[in-house]
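Notes for the one structure printed next.
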Amino acid sequence: MPPEAPAYVLTEHAKVVLAERDISLAWVERVLAKPQRTAVDGSDAQLRHAIAPISEHGDRHLRVIYNPSVSPWRVVTAYFDRGLRGK
């Protein structure tokens, strides 16, 4: 059984882009619960990037950008990172 994802909410922007990009909430939760790697955002030190491959999507890397300094965490956006393709 996969680890439980932290409590989070989606911003309105995140809701729109998840639908537009056909990214499932289960994938977002999986990446938040068990990222392969994390990074601090280059523009906003409060934001974090959680990154992990999604096997059901050709092992493309999903990048979820969120704010962990609020409770529940606030997911700002998510996208498949083309720069990480094949890594």
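Taking the criterion of being surrounded by fewer than 19 Cβ atoms within 10 Å (Cβ to Cβ) and more than 16 Å from residue 44 (Cα to Cα), the residues of region 61-75 that qualify are 71, 72.
Pairs linking a residue in region 34-60 that is among the small types (Gly, Ala, Ser) to a residue that is assigned to a loop (DSSP other than H, G, I, E, B), with Cβ atoms under 6 Å and 6 or more positions apart or on different chains, are 50/35; 52/35; 52/36. With respect to the conditions (1) of a type in the set (S, T, N, Q); (2) in contact (Cβ under 8 Å) with a residue 12 or more places away in the chain; (3) assigned to a loop (DSSP other than H, G, I, E, B), residue 77 falls short on a single one, namely (3).
Rule-based calculations on the coordinates, nothing more; no lab input. Just so we're clear, the structure is a prediction, and the values are computed from it rather than from any experiment. All Cβ positions, even for glycine, are placed from backbone atoms using ideal geometry, and neighbour counts span all protein chains on display.
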